[in-house]
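Quick notes on the structure that follows.
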Amino acid sequence: MVAEEIGTTLSQHIIKTQKNFPQASGRFTRIFNELATCGKIISSYVRRAGIIDIAGKRGTTNIQGEEQAKLDVIAHNIFVNRILETGLVAGVLSEESDDIIEAEEEYSRNANYIIATDPLDGSSNIDVNVSVGTVFSLLRRKSPTGERCSKDDFLQPGSKQIAAGYILYGSSTIFTYASGDGVFCFTLDPTVGEYLLSHSKLRIAEEGNIYSVNEGNRKFWDQGDQQLLDYFQGNHKDNDEPYTGRYIGSLVTDVHRNLLKGGIYLYPRTTKNGKKDHGKLRLLYEANPLAFIIEQAGGVATDGQRRILDIMPQDIHQRVPLYIGSKREVDLAGKFTKVS
Ligand code: AHM
Ligand code: MG
């Protein structure tokens, strides 16, 4: 970061970058301001998770017989309501809702964007004070502005994303985004209530020495994935130097660490439920936005063979195996998964 960038706020930065696009209408800036606000509000809930009664499981009821909200449902409601009320977003696809949520007619007349989100990824970690995050993917709708949007609007490959980002609620709250001109991180300064630029045009190392994976699933993996793990652990004929294992179980946090330090995160397909699945992670609001960011930082993201951003989705909640991070390790993973 150069000296004159120090102290730059997220909104200053977005306004400045949007000035480079003569056709920019200010809509992008307004959506980003709202995303930033959602992050601040969700962050304030996350920070109080042990104090206020929001860590309960869904399915329990409060004294009025109402269902108790879990923090990921709270995050979903904050995110969806605020984003749709901008009048610029025609529909939101959220991990917390089976169907897409359309904007009310009064808000959708001029809305030409759509957003896919995991409002609180890794939320099973909340009860034990481990970092979680909000992930978002911004796309242009396919259907004409003014009409009702549908699931089909969301069935676009990740390469069509206009922007993507995540808000990480860790030891500090970090807003990271990419929109075609590199990756930028802004750290929320609680003393001024603003996100301040902390990493500019972030690049991921071409090779790293961290692997992040849930090794407990090993026996359910394809042979190639098991051999890849042997490679990382130094139990392979081509490599007797072990990597470092780091797995938080919170995708945003694991990917963020590897973005800064270099390495690979993987969630391979498994046979956990008796037949081969597609792993756990969702293409549209987990894999795509993170792949967009990692690629713009110089890294790679695949499903083992295909570039994540080239996959044409068939379903809004489609799952996909994910290998994401430094180029060397993800390319290497491709060699191992090919033989499976
Ligand atoms: P979630 O969206 O329900 O939180 O699930 C996604 C999370 C990721 O953050 C994390 O990397 C992964 O699930 C962990 O899964 P596992 O517990 O199987 O290792
Ligand atoms: Mg998730």
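Each reported figure results from applying straightforward, stated rules to the coordinates on display, with no laboratory input. The model shown is predicted, which means the values in this text are computed figures rather than measured ones. Quick reminder, even Gly has a Cβ in these numbers, built from the backbone with ideal geometry, and neighbours come from all protein chains shown.
Data overview
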{"read-out": "Charge dipole (debye, nearest 20) of the range 108-178; +1 at Cβ of Lys and Arg, -1 at Cβ of Asp and Glu", "value": "420"}
{"read-out": "Rg(Cα) / (2.2 N^0.38 Å) computed for the chain, rounded to two decimals", "value": "0.99"}
{"read-out": "Reach of Lys151 by Cα under 19 Å, taken over lysines that are not fewer than 8 positions away in the same chain", "value": "Lys142, Lys160"}
{"read-out": "Overall form of the range 3-199 per C-alpha gyration tensor (a/c, 1.5; a/b vs b/c)", "value": "oblate"}
{"read-out": "Pair Thr29, Asp127: separation of 7 Å Cα→Cβ label points (nm)", "value": "4.5"}
{"read-out": "For the range 157-177 and the range 275-291, distance of Cα centres in Å", "value": "16"}
{"read-out": "Residue among Pro157, Pro190, Pro119 with the largest mean-square fluctuation in a Gaussian network model of the chain, springs linking Cα atoms under 10 Å", "value": "Pro190"}
{"read-out": "Using distinct alpha-carbon pairs, which all enter the 1/r mean, Kirkwood radius of the range 210-337 in Å", "value": "14.5"}
{"read-out": "Ellipticity estimate at 222 nm from DSSP helix runs (n ≥ 4, -39,500 (n - 2.57)) divided over the chain, nearest 500", "value": "-8000 deg cm²/dmol"}
{"read-out": "Burial ordering of Glu106, Glu5, fewest other beta-carbon atoms within 10 Å first", "value": "Glu106, Glu5"}
